[in-house]
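Take a look at the structure set out below.
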Amino acid sequence: MTERHGFLGDGPLAALIAAFDWSATPLGPIEGWPPHLRTVVSILLRAPVPMALLWGEEGILLYNARYATIAQDKHPAILGMPVREAWSEAAAFNDGVVRAGMAGKTRSYARQELTLYRHGEPETVFLDLNYSPVLDADGVPAGVLAVVIETTDAVLAERSLRWETHSLETLNVTGAALVAELELEPLIQMVTDAGVKLTGAEFGAYFHNLMDETGERLHLFTLAGAERAAFEKLGRPRATAVFGPTFRNEGVIRSDDIRTDPRYGKSAPHYGMPRGHLPVRSYLSVPVTSRTGVVLGGLLFGHSEPGRFGERHERLLVGVAAQAAIAIDNAQLFKAVQEVNDTLEQRVAERTAELTQAHEALRQAQKMETLGQLTGGIAHDFNNLLTVIRGSTDLLRRPDLSADRRDRYITAIADTADRATKLTNQLLAFARRSSLTPEVLDVRAVVSGMTDMLATLSGSFIDIALSLPDTPCLTHADASQLETAIVNLAVNARDAMAGRGALRIVVGRAARIPAVRGHVARDGDFVTIGVHDTGSGIDPAHIEHIFEPFFTSKAIGHGTGLGLSQVFGFVKQSGGEVIVESTPGAGATFTLYLPHDPTGVPAGVGIAAEARGDGPSLRILVVEDNAAVGDFAMSALADLGHAIVFARDAEEALAILAREVDAFDVMFSDVVMPGMNGVALAQYVRRDFPAMRVLLTSGYSDVISKDGAQGFALLHKPYSMAELARALHAVMEADRPLVAGAF
């Protein structure tokens, strides 16, 4: 503590203030400072936060040690200076603060952006500022007390986080859009636009890796941020030292100023660019490389100012290029498959209609990707399916093929399409987008009816035991999805036990679902299905992730990571829950909770009628916008002995019904069609033609997913001729419209 000026306390700032010649300032000698000035200086020096005092009309500056850390190299020179001189770069701002304070007003600024000179360099800083007037003994403002908190690091960190978040969102949106687009030009335009958005470039372009006969020129495919016509009149660029490495797959090329880059021309006024070229200074490019390592093209981006691209932009652009490569490969694959389909004989095309569903399943799987990345497991499974189909179709084209081998290849195509359908259903289930067809089920009957199938799936070295109660365990759920969920759990158990062990399935009742995954416990009336194995158990590090789509601990090629996701999606969509308990080395228990339906009446075991042509001939109106599917449906129904009238959409169907009143026994309609959808058409028929039966069909529909089939029978695509016959038989035998979930 200074001996003469005790109010200053101790510390370096107290010593500096005590030693300062205040007589040369409006404050006068320190010995003559009034009590109110001494008090506020005493408070300032002892404050735990950065504080400054702006005294008098000139705002003479006093401050504490924490404020000195903000002043940095300006301290201690600014002590005792007028604030407008101390911070001349912010003079206008500080003048306003002093005027307001001396008028008795307070001011507060959150994250105020200022440009300050510290260490001789301009620096953008962010400050939380609070100004209050200091009153003298007569209550008149004599100065301004400032609390100054620098928030520069926090603001820049938040901005960086927002930028990263925005970039990831852009990558995700771009990835989702790319997997849905199979036309090459709009696909690559999306990639180019995304690159401009992510890097902040003024313009961007994608060049195909196509060389002319000299091997020195590239082909412009898409352009963003500039007029294509103006660019194309410059001619195609040469594969120079700047462009060439990109198309040789030598990695990212980044130049802060292309005019000073030794790989490019330096001569004014165009610096290696043709007259009229875009004003490029900053330059960034990345190759787009296929799965096989072939350079498909290059993404090039520019800005008229130097130093605009950094490492973050490089990383983002590499991600965009990876997405582009996958999307381009997929588009080319889809185009190739379409070309193969167009060359198939008509009879083979009818027998392989499910191929379209396999393609749709692949596209749906791609749409479920996160952060724009393809998942190896699902790609592997679909590639296996497509290999079987492609190989079988190639063999079917051989002119010397025997009838037996032709039937074998056709069967292989049909079986493969069925497997693709199951995989599609799993994807829809974990996404909770399946169009479920719920019915009242006795879970005991479902489980006991699966015994033989589970034994076959598990193998002879796994003992299967069932524990079923004597009383019914009724729930309202989709029978097929419930069976699939149990099969998925059984397959997981088999793999966990390496083919040897014991599998126990217990059906029961519960009055409470325990708290799980952040959800509180839920009371109610539930049917439970417990599946316990004696396998290796689940790693605690994995247990929180096992229901995530594509998560798997199995080796590549041994699982898609969709099985448990299907289980989770099914029980959630059915209003239930799934609980898992596991101890490493002691097996695992999965318990499904489904709402109990005490008043329900169990559905029958399904429609047993086989596909046959000996039933009554029906007059059927077929409504289908897909020509290939419509041809198959009409051919199948004609083979079954029915009379067919075809309509391409709901509007044409309504016109036919208006002309031919009471001419049809059944309307067989697709759900998803341009204009009026199938459900709306069915509601119209129910109202105006009550005697006519309705059978709907759909592979997937938002309408069905969200609102159900509205009480109409529903046949899921893809369907076989036998399934179509059974569905028609059920519709005609039913006393009222039903949901044909057992088809």
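Nothing in this text is a laboratory measurement; each read-out follows from the coordinates by a stated rule. Only a predicted model underlies this, so the values are computations on that prediction, with no experimental measurement involved. Cβ coordinates were reconstructed from backbone atoms using ideal geometry, including for glycine residues, and neighbour counts include every protein chain displayed.
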Problem set entry | Distance (nanometres) between label positions extended 7 Å along Cα→Cβ at Val155 and Glu311 | 2.5
Exercise. What is the packing order of peptides 18-29, 617-628, taking the mean over residues of other C-beta atoms within 10 Å and listing the highest first?
Worked result: 617-628, 18-29
Exercise. At a Förster distance of 35 Å, what's the computed FRET efficiency of Thr583 paired with Arg291, Cβ-Cβ distance as r, to 0.05?
Worked result: 0.30
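Take the Cβ-Cβ distance between Asp138 and Ala100 as r, set R0 to 22 Å, and report the resulting FRET efficiency rounded to the nearest 0.05. Let's see the in-between values first.
Values: r = 20 Å, r/R0 = 0.90.
Using R0 = 22 Å, I get an efficiency of 0.65.
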Exercise. Each label point is 7 Å from the Cα along the Cα-to-Cβ direction; what then is the distance between the points at Asp128 and Val520, in nm?
Worked result: 3.4
Exercise. How big is D, in µm² s⁻¹, for the range 1-79 by Stokes-Einstein at 10 °C and 1.306 mPa s if Rh is the Kirkwood radius over C-alpha pairs?
Worked result: 125
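Net charge around Val661, counting only other residues with Cβ within less than 15 Å of its Cβ (Lys, Arg = +1; Asp, Glu = -1)?
Details: positive: Arg619, Arg659, Arg687; negative: Glu660, Asp662, Asp665, Asp688.
Spelling it out: positives minus negatives among the neighbours equals -1.
So what's the range 439-595 giving for Cα Rg divided by 2.2 N^0.38 Å, two decimals? If you can, show how the numbers build up before the last one.
Working: Rg = 14.8 Å, N = 157, 2.2 N^0.38 = 15.0 Å.
My calculation over the Cα atoms of the range 439-595 gives 0.98.
For Arg254, what charge total do you get from the other residues with a beta carbon under 9 Å from its beta carbon, if Lys and Arg give +1 and Asp and Glu give -1?
Within the 9 Å Cβ shell, the charges total -3.
Among 643-650, 298-305, 654-661, how do they line up by average Cβ neighbours within 10 Å per residue, starting with the highest? Could the numbers behind the result be given before it?
Working: 643-650: 18.0, 298-305: 22.5, 654-661: 13.0.
So the peptides 643-650, 298-305, 654-661, ranked by packing, come out 298-305, 643-650, 654-661.
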Exercise. Points 7 angstrom from Cα along the Cβ direction at Arg111 and Thr599: gap in nanometres?
Worked result: 5.5
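Per residue, how big is the convex hull of the range 6-150 when only Cα atoms are used? Give it in Å³. Kindly include the intermediate steps, with their values, before the conclusion.
Details: hull volume 14.0 nm³, N = 145.
Dividing the Cα hull volume of the range 6-150 by its residues yields 97 Å³.
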For this session: Work out the charge dipole of the range 619-733 with +1 on the Cβ of Lys and Arg and -1 on the Cβ of Asp and Glu about the Cα centre, then indicate which of Gly641, Phe689, Ile620 is farthest towards its positive end.
Result: Phe689
Problem set entry | Calculated from backbone phi, Karplus (6.51, -1.76, 1.60) coupling profile of the range 304-321 in Hz, x at Gly/Pro | 6, 9, x, x, 8, 10, x, 5, 4, 5, 4, 4, 5, 5, 4, x, 4, 5
Seminar exercise, completed: Rounded to the angstrom and largest first, Cα extents along the principal axes for the range 618-687 equal 29, 26, 17
For this session: Please list, in chain and number order, the residues 5+ apart from Thr697 or on another chain whose amide H is under 5 Å from its amide H, with Hs placed from the backbone.
Result: Ser669, Asp670, Val671, Leu715
